[in-house]
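Undergrad: Before anything else, here's the structure in question.
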Amino acid sequence: MSTIQLPSVVGEFGAKPSLEFPASEAPKGLHVQVLRQGHGTAVDRGNEIEVNYLGQTWGGHVFDNSYDRGQPLAFPIGVGMVIGGWDHGLVGQRVGSRVLLSIPPEYGYGARGVPQAGIRGEDTLVFVVDILGVR
């Protein structure tokens with residue numbers, strides 16, 4: 001039985017991370033790895049959360065990140081307002097956590113992808129998410 005290899009993350013909570021990808025292909029399914037366990041409030045379905053994040057295709061380009069904009073993103077979680085990988089992977093996490101998400105197309109943007117962002121329908125997405133707050 002082989003072990004799942006996820007990218008390694010360089011950088012500390014609150015700072016823009018960079019990813020180093022293994023030579024292997026992207027794993028199947030949704031994978032959630034807590035890189036830094038926070039001790040704040042747990043994120044519940046329906047909460048509005050505030051995060052900083054970096055999004056990258058598996059072994060490919062960074063397609064979005066909030067660190068460079070200097071503006072965290074706030075949105076309702078667990079209610080279908082963001083991609084399924086975020087809804088499934090961030091509910092239950094705690095404020096102050098840094099979470100790595102490996103998201104297959106069915107939990108991302110599906111077969112259509114997002115061509116204008118350079119995301120193909122078969123791309124696995126990788127996000128590093130710093131959970132800053134919850135309301």
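The values are calculated or read from the model by the stated rules, or taken from the named source; none is laboratory data. Values in this document were obtained by computation on a predicted structure and should not be read as measured data. Reconstructed Cβ throughout: ideal geometry from the backbone, glycine too, with neighbour counts over all protein chains shown.
Undergrad: Starting from region 65-81, keep only residues that are in contact (Cβ under 8 Å) with a residue 40 or more places away in the chain, then list their pairs with residues that are of a type in the set (S, T, N, Q) whose Cβ atoms are within a distance under 7 Å, requiring at least 6 positions of separation or different chains.
TA: Going by the 7 Å Cβ cut-off, the qualifying pairs are TYR67/ASN52; PRO72/ASN52; PRO72/SER66.
Undergrad: Turning to a different aspect of this structure: Hey, does region 38-46 have a residue that's under 21 Å from TYR107 (Cα atoms), in a loop (DSSP other than H, G, I, E, B) and acidic (Asp, Glu)? Lay out the reasoning, then the answer.
TA: Of all residues in region 38-46, those under 21 Å from TYR107 (Cα atoms) come to 43-46.
Remaining after also requiring in a loop (DSSP other than H, G, I, E, B): 43-46.
Next, only the ones that are acidic (Asp, Glu) stay: 44.
Yes, region 38-46 has at least one match.
Undergrad: Within region 36-53, does at least one residue satisfy the condition of being under 19 Å from VAL9 (Cβ atoms), touching a strand residue (DSSP E or B) at 6+ places or on another chain (Cβ under 6 Å), hydrophobic (A, V, I, L, M, F, W, C) and at pLDDT 95 or above?
TA: Residues of region 36-53 under 19 Å from VAL9 (Cβ atoms): 36-38, 51-53.
Now narrow it down to the ones that are touching a strand residue (DSSP E or B) at 6+ places or on another chain (Cβ under 6 Å): 36, 38, 51-53.
Now narrow it down to the ones that are hydrophobic (A, V, I, L, M, F, W, C): 51.
When the remaining residues are screened for being at pLDDT 95 or above, the result is 51.
For region 36-53, residues under 19 Å from VAL9 (Cβ atoms), touching a strand residue (DSSP E or B) at 6+ places or on another chain (Cβ under 6 Å), hydrophobic (A, V, I, L, M, F, W, C) and at pLDDT 95 or above: present.
Undergrad: Continuing with this model, one more query. I'd like to check something: does region 86-105 contain any residue that is in contact with a Lys or Arg (Cβ under 9 Å, 6 or more places away or on another chain), within 13 Å of LEU6 (Cβ to Cβ), at pLDDT 95 or above and assigned to a strand (DSSP E or B)?
TA: Scanning region 86-105 turns up at least one residue that is in contact with a Lys or Arg (Cβ under 9 Å, 6 or more places away or on another chain), within 13 Å of LEU6 (Cβ to Cβ), at pLDDT 95 or above and assigned to a strand (DSSP E or B).
Undergrad: What pairs come out if I take residues in region 93-111 that are within 17 Å of VAL62 (Cα to Cα) and pair them with residues that are part of a helix (DSSP H, G or I) whose C-beta lies under 6 Å away, six or more apart or interchain?
TA: Short answer, once both residue conditions are applied: LEU101/GLY85; LEU101/GLY89; ILE103/GLY85; GLY108/GLY85.
Residue-by-condition table, conditions (1) within 14 Å of the chain's Cα centre (by Cα); (2) hydrophobic (A, V, I, L, M, F, W, C):
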site: THR3; (1), (2): no, no
site: GLU12; (1), (2): no, no
site: PRO22; (1), (2): no, no
site: ARG45; (1), (2): no, no
site: VAL51; (1), (2): yes, yes
site: GLY55; (1), (2): yes, no
site: TRP58; (1), (2): yes, yes
site: ASN65; (1), (2): yes, no
site: VAL79; (1), (2): no, yes
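Undergrad: Using the structure shown, decide if GLY60 is modelled with pLDDT under 95, over 17 Å from PHE13 (Cα atoms) and out of contact with any Ser or Thr (no Cβ under 7 Å at 6 or more places or on another chain). Write out each step before concluding.
TA: Working: modelled with pLDDT under 95: yes; over 17 Å from PHE13 (Cα atoms): yes; out of contact with any Ser or Thr (no Cβ under 7 Å at 6 or more places or on another chain): yes.
Yes, satisfied.
Undergrad: Which of the residues spanning region 121-135 are modelled with pLDDT of 95 or more, assigned to a loop (DSSP other than H, G, I, E, B) and in contact with a strand residue (DSSP E or B) (Cβ under 8 Å, 6 or more places away or on another chain)? Steps first, answer last, please.
TA: First, the residues of region 121-135 that are modelled with pLDDT of 95 or more: 121-134.
Filter once more, so that each one left must be assigned to a loop (DSSP other than H, G, I, E, B): 121-124.
Residues satisfying the conditions are ASP123, THR124.
Undergrad: Please list, ordered by first then second residue, the pairs with beta carbon atoms under 7 Å, 6 or more apart or interchain, first in region 24-51 and without any contact (Cβ under 8 Å) to a residue 40 or more places away in the chain, second part of a loop (DSSP other than H, G, I, E, B).
TA: Correct list of pairs: SER24/GLN5; GLY46/GLY78; GLY46/VAL79.
Undergrad: Let me ask something else about it. Answer with yes or no whether ARG69 is surrounded by 15 or more Cβ atoms within 10 Å (Cβ to Cβ), under 16 Å from LEU132 (Cα atoms) and not aromatic (Phe, Trp, Tyr). It would help to see each step written out before you state the result.
TA: Working: surrounded by 15 or more Cβ atoms within 10 Å (Cβ to Cβ): no; under 16 Å from LEU132 (Cα atoms): yes; not aromatic (Phe, Trp, Tyr): yes.
For ARG69, the condition - surrounded by 15 or more Cβ atoms within 10 Å (Cβ to Cβ), under 16 Å from LEU132 (Cα atoms) and not aromatic (Phe, Trp, Tyr) - is not met.
Undergrad: Could you say which residue among GLN71, GLN33 is part of a loop (DSSP other than H, G, I, E, B) and of a type in the set (S, T, N, Q)? Write out each step before concluding.
TA: On the way: GLN33 fails: part of a loop (DSSP other than H, G, I, E, B).
Testing whether each residue is part of a loop (DSSP other than H, G, I, E, B) and of a type in the set (S, T, N, Q) leaves just GLN71.
Undergrad: Can I ask one more? Is it the case that VAL91 is crowded, with 16+ Cβ neighbours inside 10 Å, of a type in the set (A, V, I, L, M, F, W, C) and over 15 Å from PRO17 (Cβ atoms)? Step through it out loud before you land on a result.
TA: On the way: crowded, with 16+ Cβ neighbours inside 10 Å: yes; of a type in the set (A, V, I, L, M, F, W, C): yes; over 15 Å from PRO17 (Cβ atoms): yes.
When the stated conditions are applied, VAL91 passes them.
Undergrad: What's the number of the only condition in (1) crowded, with 17+ Cβ neighbours inside 10 Å; (2) touching a Ser or Thr at 6+ places or on another chain (Cβ under 8 Å); (3) not in a strand (DSSP E or B) that TYR53 fails to meet?
TA: All conditions are met except number (3).
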